[in-house]
Amino acid sequence: MDAPRCVAKAKSTGEQCKRRPIPGGRVCVKHGGGAPAARAAAARRRAELEARALIEVVWDPDAAPVRNPIDALMRLAGKLEHSVDVLGARVESAGAGSPEAVAFTKLIREQRLALEGLERLDIAGKQLELERGRAELVVSAFLAALDWLRPLPADRSEATRLFLENLGAPVVVAGEVEA
């Protein structure tokens, strides 16, 4: 990241400065590297480099392919949330220009994208549809079993009431709903 030489050029000769730039910077102290803005930019570059190195440590290019994208996206959103929480706490003590702050900012963006992806997929709506479908299957199976058993009408009503009670569903008796 650090250039071997300051990038400033002498006005009189047009030659490049021979001094080393400040760490993370492009110019030496003599050519403005000591200015607060230059030091801040250099600190941001160093933090960005450290954040990239941190990501490289955990990145696995040979990871197995995703088999269930919805589950993977939900797990990713959970991991991002955890990472954002952990790094957010570190940023408070490390400061705004730290590698933690840079990584935190990147992870916030990634978390937002993952959550937007989940929202676009309407996961909650699809889960509700699946639950309704499962409930319909269970009720259909129960009713089919009752039809096969052919209980007396009073026994059928009692079995239906007990079934619904055990499901935690509202019990419908003669067109009214009990709480």
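The values are calculated or read from the model by the stated rules, or taken from the named source; none is laboratory data. Everything numeric in this text was worked out from a predicted model, so none of it was measured. We place every Cβ from the backbone using ideal geometry, glycine too, and count neighbours over all the protein chains shown. Note: areas computed on protein heavy atoms with side chains; ligands, DNA, RNA excluded. Shrake-Rupley method; radii C 1.70, N 1.55, O 1.52, S 1.80 Å.
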Let me confirm the definition first: pairs of Lys residues in the chain, 8 or more apart or on different chains, C-alpha distance under 16 Å. How many are there? 5
Principal-axis tilt of helix 36-58 within the chain, Cα atoms, nearest 10 degrees: 50 degrees
Dipole moment magnitude, nearest 20 debye, the range 69-179 about Cα centre, only Lys, Arg, Asp, Glu C-beta charged: 400 debye
Evaluated at q = 0.15, 0.17, 0.19 Å⁻¹: base-10 log I(q)/I(0), Debye formula over Cα of the chain: -0.97, -1.08, -1.20
Cα-derived Rg over Rh, computed across the range 28-108 with Rh taken as Kirkwood radius: 1.14
With a ≥ b ≥ c the root eigenvalues of the C-alpha gyration tensor of the range 90-135, is it rounded (a/c under 1.5), prolate (a/b larger than b/c) or oblate? prolate
Whole-number percent relative contact order across the range 1-108, with pairs defined as alpha carbons under 8 Å at least 6 apart: 20 percent
Amide H neighbours of ILE22 at under 5 Å, excluding residues fewer than 5 places away on the same chain, with H built from the backbone geometry, are VAL27, CYS28, VAL29
If I take the Cα coordinates of the range 68-159 and project them onto the principal axes, what are the three extents in Å, biggest first? 76, 24, 16
Positive minus negative residues near ARG112 (Lys, Arg vs Asp, Glu; Cβ under 13 Å): -1
Would you check the accessible area of LEU162, probe 1.4 Å, heavy atoms only, in square angstrom rounded to 10? 70 Å²
Relative contact order as a percentage, the range 36-177, C-alpha pairs under 8 Å and 6+ apart, gives 22 percent
Measure off, as a whole percent, the carbon and sulfur share of the 1.4 Å-probe accessible area of the chain, all protein chains present. 58 percent
What 222 nm value per residue comes from the helices of the chain, counting each DSSP H run with n ≥ 4 as -39,500 (n - 2.57) and dividing by all residues, nearest 500 deg cm²/dmol? -22500 deg cm²/dmol
Karplus-derived 3J(HN,Hα), 6.51/-1.76/1.60, for each residue of the range 71-82, Hz, glycine and proline x: 4, 4, 5, 5, 5, 4, 4, x, 5, 4, 4, 4
By accessible area with a 1.4 Å probe, ligands and nucleic acids excluded, highest first: order of ILE55, ILE22: ILE55, ILE22
Any chance you could look up the accessible area of VAL139 with a 1.4 Å probe, heavy atoms only, rounded to 10 Å²? 60 Å²
Could you give the accessible area per residue of the chain, probe 1.4 Å, as a whole number in Å²? 75 Å²
What does the charge add up to near LEU130, with Lys and Arg as +1, Asp and Glu as -1, over the other residues with Cβ less than 14 Å from its Cβ? -2
